[in-house]
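Working notes for the structure below.
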Amino acid sequence: MTRSDLVEELANRFAQLTHRDAEFAVKAILDAMNDALVRGHRIEIRGFGSFSINRRPPRMGRNPRSGESVAIPEKRVPHFKPGKALREAVDQRTAELESQPKP
């Protein structure tokens, strides 16, 4: 699902929202999540999962073409951990879809 798909789903599900309002709401939520992660905060959405920042320490890598060693600096990367309810829902729906006869 893309951002535009999410906007469409929100606009369709809530008739009182215009497409523009739905787009603004999605952008506001994603911007707030982005800002929280940049500041180093953890985001927890009950029943869905949590977002946090993982630190990758500096390391030595290799250039695949020349084979020379390259220093790779420390990085901070976003990490998503699904919640129990999301894991169970995905598992159940996937099992249901797999058990349906294929045409």
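Data overview
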item	result
Counted residues, region 15-60 - those being part of a helix (DSSP H, G or I), over 17 Å from Asp5 (Cα atoms) and either open to solvent by 100 Å² or more (accessible area, probe 1.4 Å) or at pLDDT below 95 (or both)	1
Filtered residues of region 61-103 (kept if in contact (Cβ under 8 Å) with a residue 24 or more places away in the chain and assigned to a loop (DSSP other than H, G, I, E, B))	Gly83
Checking Ala11 against (1) touching a Leu at 6+ places or on another chain (Cβ under 6 Å); (2) among the hydrophobic types (A, V, I, L, M, F, W, C); (3) closer than 26 Å to Arg87 by Cβ, the condition it does not meet	(3)
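The values are calculated or read from the model by the stated rules, or taken from the named source; none is laboratory data. Model, not experiment: these values are computed from the prediction. Please note: Cβ atoms are built from the backbone with ideal geometry, for glycine as well, and neighbour counts cover all protein chains shown. Side chains included, ligands, DNA and RNA excluded: accessible areas come from the protein's heavy atoms. Shrake-Rupley method; radii C 1.70, N 1.55, O 1.52, S 1.80 Å.
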